[in-house]
Amino acid sequence: MNRRAIVIGAGLAGSSAAERLAARGWKITLIDAADAPGQGASGNLAGVLRPLPSLDDNRLAQLTRASFEHARRHFAALTAAGQPLRWAQTGVLHLARDDSHEATQRRVVERQQPAPGELRFVERDEASELAGWPVANGGWWFPGGGWVDPASLCRANLARHAAQITPRYACQVAQIDRHAGLWRAHDGAGALIAEAPVLILANAAAGRHFAATAHLPLRAARGQVSHLVADAASVPQIVVCRLGYVTPAIDGLRSTGATFSIGDGDATLRAADHAENLAKLDFILPGYGSHIAAAELAGRVGFRPLSPDRLPMIGAVADATAVDPDRPARPLAEMPRLAGLYVINGFGARGIVWSALAGELLACLVAGETPPLADDLVNAVDPGRFLLRGRNRRVRGAARSLIDG
Ligand SMILES: Cc1cc2nc3c(=O)[nH]c(=O)nc-3n(C[C@H](O)[C@H](O)[C@H](O)COP(=O)(O)OP(=O)(O)OC[C@H]3O[C@@H](n4cnc5c(N)ncnc54)[C@H](O)[C@@H]3O)c2cc1C
């Protein structure tokens, strides 16, 4: 097989897929409209790395646990290879939002019996000690969690097998098509940017821009993070979450947030959103930010690529034109696909946790290898799921609300 692929998008999704295929000897042309990797949703100063347990150990929880473990192995491998990935395993304290949530957190730990090095429930006093600040509830303590600089992860992914990857930055793909067995990416003037047998769409919230993927129910969720000037020795020295998060000081700035609004395309920083983040910070660490004025804060706005079931989209793109909406349901394995066209998207608020395993899964699917996840999880993230019978109305509804928004 001619092992060449185009990847559109140099964020966490695209850089992870490119790295995994490059590791297998593939030649990649990586295209991004920005002038460097990790400038979109993947450009925050820092985000949180931790699993997301649930009482019923649902698919989201299973996927996130597997991804968390995979991510740490991937990060260790990047670091061992000398790549300048910036992250720290400070531990993550996920405080309960109220007494009832605290009871649920306890039951999860009792029921699932995780190794204490992975997760344990800590009472309020111990939680306060860990945070270095008095907190209102106990919570989950993930000693192996921490913060990650996502743009540094994108850069490290792309540098690891740099000889295999040809980046094309400041280059916007306006159109894609398939001709003589090759996928082609064209710019706004119709000029050919690249062609290859495989095309991987990792262009986040713009993922529905192309006709072949217009049926995917992707939405963008605006998120604003606030940056607090902070001394390196100040508390907290760990990541603390409670319907929001606050990181340790990184290069003199602590990140806290974030807001979440769907159908909101405003890319400018808003004082009202900083005020919302300060209120979240007060919920996490009562009184911590009481001296801070929202109007004086800096921060960053990003747009999370969101799918309606909150699971990512990883795999071969279905041929929507060949699917009869009134046909009875059939297995995903029989879904008609567009040969050579793949998507890695829908990371929502979990891209830092999911991207490494998602990249590996996509590379396995492209290369025809056994996936690193059980079949039910592979199916759960299959982008073809949105064209299964019974989902059509919801998909159309989501598409309509996107247009209305
Ligand atoms: C405020 C906020 C806080 C977050 N916190 C966390 C967290 O704590 N933990 C966590 O795990 N995750 C977190 N996330 C989520 C995570 O950052 C995202 O899931 C992830 O960055 C998405 O990566 P991506 O590669 O899909 O998208 P992006 O990073 O946006 O990359 C898409 C790229 O495609 C390019 N592109 C688009 N269209 C085209 C085109 N036509 N031609 C060329 N290039 C194109 C864009 O320029 C962009 O660089 C957070 C996100 C936000 C916004």
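The values are calculated or read from the model by the stated rules, or taken from the named source; none is laboratory data. Bear in mind the structure is a predicted one, so any value in this text is a computation, not a measurement. Glycine also receives a Cβ, built like all others from the backbone with ideal geometry; neighbour counts cover every protein chain displayed.
A few notes on this one:
- Pro308 vs. criteria within 24 Å of Arg50 (Cα to Cα), away from the ligand (no atom under 15 Å from the Cβ) and surrounded by fewer than 22 Cβ atoms within 10 Å (Cβ to Cβ): yes
- Per-region count, the stretch 9-58, residues under 16 Å from the mean Cα position of the chain (by Cα) and either near the ligand (Cβ under 10 Å from one of its atoms) or closer than 30 Å to Trp141 by Cβ (or both): 25
- First in the stretch 159-180 and in contact (Cβ under 8 Å) with a residue 24 or more places away in the chain, second anywhere and among the hydroxyl-bearing types (Ser, Thr, Tyr), Cβ under 7 Å, 6 or more apart: Thr166/Thr29; Arg168/Thr29
- Total residues in the stretch 351-372, condition outside any helix (DSSP H, G or I) and closer than 28 Å to Gly43 by Cα: 1
- Among the candidates Arg184, Arg160, Arg219, residue that is of a type in the set (D, E, K, R), within 14 Å of the ligand (Cβ to nearest atom) and over 23 Å from Ala339 (Cβ atoms): Arg219
- Some residue of the stretch 16-28 being touching a residue at least 40 places away in the same chain (Cβ under 8 Å) and over 29 Å from Val173 (Cα atoms): no
- Any hit, the stretch 231-240, residues being surrounded by 16 or more Cβ atoms within 10 Å (Cβ to Cβ), hydroxyl-bearing (Ser, Thr, Tyr) and within 26 Å of Arg50 (Cβ to Cβ): no
- Set Arg65, Arg72, Arg59: member being touching an Asp or Glu at 6+ places or on another chain (Cβ under 8 Å) and not assigned by TED's automatic domain parsing to the domain that holds Arg254: Arg59
- Subset of the stretch 217-235 [under 26 Å from Arg300 (Cβ atoms) and either outside any loop (DSSP other than H, G, I, E, B) or under 21 Å from the mean Cα position of the chain (by Cα) (or both)]: Leu218, Arg219, Ala220, Ala221, Arg222, Gly223, Gln224, Val225, Ser226, His227, Leu228, Val229
- Asp273, sole failed condition from (1) surrounded by 22 or more Cβ atoms within 10 Å (Cβ to Cβ); (2) more than 13 Å from the ligand (Cβ to nearest atom); (3) more than 25 Å from Ala127 (Cα to Cα): (2)
- The lone criterion from (1) assigned by TED's automatic domain parsing to the domain that holds Leu243; (2) modelled with pLDDT of 95 or more; (3) part of a loop (DSSP other than H, G, I, E, B) left unmet by His94 is number (3).
- Any chance Ser42 is touching a Cys at 6+ places or on another chain (Cβ under 8 Å) and surrounded by 17 or more Cβ atoms within 10 Å (Cβ to Cβ): yes
- Within the stretch 341-360, residues that are buried (at least 24 other Cβ atoms within 10 Å of the Cβ) reach partners that are acidic (Asp, Glu) with beta carbons closer than 9 Å, at six or more positions or on different chains, in the pairs Gly346/Asp309; Ala356/Glu19; Leu357/Glu69; Gly359/Glu19.
- Failed condition for Asp264, given (1) within 16 Å of the ligand (Cβ to nearest atom); (2) of a type in the set (D, E, K, R); (3) out of contact with any strand residue (DSSP E or B) (no Cβ under 7 Å at 6 or more places or on another chain): (3)
- Some residue of the stretch 205-213 being of a type outside the set (Val, Ile, Thr), under 30 Å from Tyr342 (Cβ atoms), out of contact with any Lys or Arg (no Cβ under 8 Å at 6 or more places or on another chain) and more than 12 Å from the ligand (Cβ to nearest atom): yes
- Checked against (1) in the same structural domain as Leu341 (by TED's automatic domain parsing); (2) over 23 Å from Leu45 (Cβ atoms); (3) at pLDDT below 95, Gly263 passes all but condition (1).
- Here the condition is being more than 16 Å from Gly47 (Cα to Cα) and crowded, with 16+ Cβ neighbours inside 10 Å; of Leu199, Leu228, it holds for Leu199 alone.
- Considering only residues in the stretch 306-343 that are among the small types (Gly, Ala, Ser) and in contact with a Pro (Cβ under 8 Å, 6 or more places away or on another chain), the one that is nearest to Phe210 (Cα to Cα) turns out to be Ala318.
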